[in-house]
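Here is the structure we will look at, set down as C-alpha cells.
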Amino acid sequence: MTWQSEHLLIELIAGARKKSNFCWAFILFLGSLGFLLVGISSYLDRNLISLFASQQINFFPQGIVMSFYGIAGLFISSYLWCTILWNVGSGYDLFDRKKGIGCIFRWGFPGKNRRILLRFLMKDIQSVRVEVKGGIYPRHVLYLQIRGQGSIPLIRTAETQEIEKKAAKLGYFLRVPIEVF
C-alpha cells in the first residue's frame, strides 16, 4: 500500500504475513504431522492413521526416518508460524522532500534489536538500484544507494513488472537515477 502527496511518499511493507507463507506453513505442519504419526504408529504397531497399515512399515529404519522427518518438519513449521505471528520484515518506507529526510523502518525477530530504523538525508541518496537475477528461481531486489551507508535493500519480489514500477515511482519521486544490474 502506498500513499503519496507532493512532498511525502509512504510505502507500507507487508512482511511475513502473506498468503503464500500461510499456505506453506499449514502444508508443512500437516505433512510433518503425518510423517510423525506414521513413525509413531510403526513403533506402536497400531494404525493411528487409517490410510496406512502400520504393519507394512518397519520401525527400524523406515519408522525412525519418518519420525525424524516429522520432528524436523514441525520445527521448520513452528519457525514459519513464529515469523508470521511476529510479522518479521513488515514496516514502512517514508520519504519527505519538504524536510529532506528519509526513513526506513522494519520489524525484525524479537530481542534487543527488534526495531530496525534507518534515517538519512535525502541529499545523500545517490540512486535507486534494481538487481535482476534470472534462472529457475528469479529474484528482483530494489536497493537504495546512500552515500556513506552503501546499498540498503527495500523490497524483494519475483515479479519483474512490480519491481520496475516501484523503482520508476521511487526514482521519479526522489529525483535520482535508476541503475539496473
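Just so it is clear, none of the values below were taken in a lab; they were calculated from the coordinates. All values reported here derive from a predicted model rather than from experimental measurement. Reconstructed Cβ throughout: ideal geometry from the backbone, glycine too, with neighbour counts over all protein chains shown.
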Q: For segment 130-181 and segment 74-126, write down the distance between their C-alpha centroids in whole Å.
A: 17 Å
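What do you get for trypsin sites (Lys or Arg not before Pro) in segment 129-181 restricted to DSSP loop and a cutoff of at most 14 other Cβ within 10 Å of the site's Cβ? Kindly include the intermediate steps, with their values, before the conclusion.
Working: sites: Arg129, Lys133, Arg139, Arg147, Arg156, Lys165, Lys166, Lys169, Arg175; in loops: Arg147, Arg175.
Passing both the DSSP loop test and the Cβ count: Arg147, Arg175.
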Q: Measure nothing fancy, just the Cα-based angle from helix 64-86's long axis to the longest principal axis of the chain, in degrees from 0 to 90, nearest 10.
A: 30 degrees
Q: Just rank Thr160, Thr83, fewest to most, by other beta-carbon atoms within 10 angstrom.
A: Thr160, Thr83
Q | Spin-label pair Tyr43/Ile27, simplified geometry with 7 Å Cα→Cβ offset, distance in nm | A | 2.8 nm
Q) Once both axes come from the Cα atoms, what is the angle between helix 160-174 and the longest principal axis of the chain, in degrees from 0 to 90, rounded to 10? A) 30 degrees
Q: Extending each Cα 7 Å along its Cβ direction at Ile178 and Asn87, get the distance between those two points in nm, one decimal.
A: 2.9 nm
Q.
I'd like to know which of Ile71, Met1, Gln55 lies farthest towards the positive end of the charge dipole of the chain, counting +1 on Cβ of Lys and Arg and -1 on Cβ of Asp and Glu.
A. Met1
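Mind ranking 12-18, 34-40 by how tightly packed they are, going by the mean number of other C-beta atoms within 10 angstrom, highest first?
Result, highest mean Cβ count within 10 Å first: 34-40, 12-18.
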Q: For n ≥ 4 DSSP H runs only, could you compute -39500 (n - 2.57) per run for the chain, divide by its residues and tell me the 222 nm figure to the nearest 500?
A: -12500 deg cm²/dmol
Q | With at most 16 other Cβ atoms within 10 Å, longest stretch of the chain clear of loop GluC sites (Glu not before Pro) (DSSP) | A | 7-158
Q: Go ahead and set up a Gaussian network model of the chain, Cα springs under 10 Å, then flag whichever of Ile125, Ile27, Ile146 fluctuates most.
A: Ile27
(Q) Using a Gaussian network model on the chain with a 10 Å cutoff between Cα atoms, which of Ala72, Ala167, Ala25 fluctuates the most? (A) Ala72
(Q) Starting from the 7 Å offset along Cα-to-Cβ, what nm value, one decimal, do you get for the label separation of Leu12 and Lys165? (A) 1.7 nm
(Q) Could you give the length gained by full extension between Phe60 and Ile101, i.e. 0.36 nm per residue of separation minus their alpha carbon distance, to one decimal place? (A) 8.4 nm
Q. Among Leu80, Trp24, Ile163, whose Cα sits farthest toward the positive end of the charge dipole of the chain (+1 at Cβ of Lys/Arg, -1 at Cβ of Asp/Glu, about the Cα centre)?
A. Ile163
Q) In debye, nearest 20: dipole of the chain around its Cα centre with unit charges on the Cβ of K, R (+) and D, E (-)? A) 680 debye
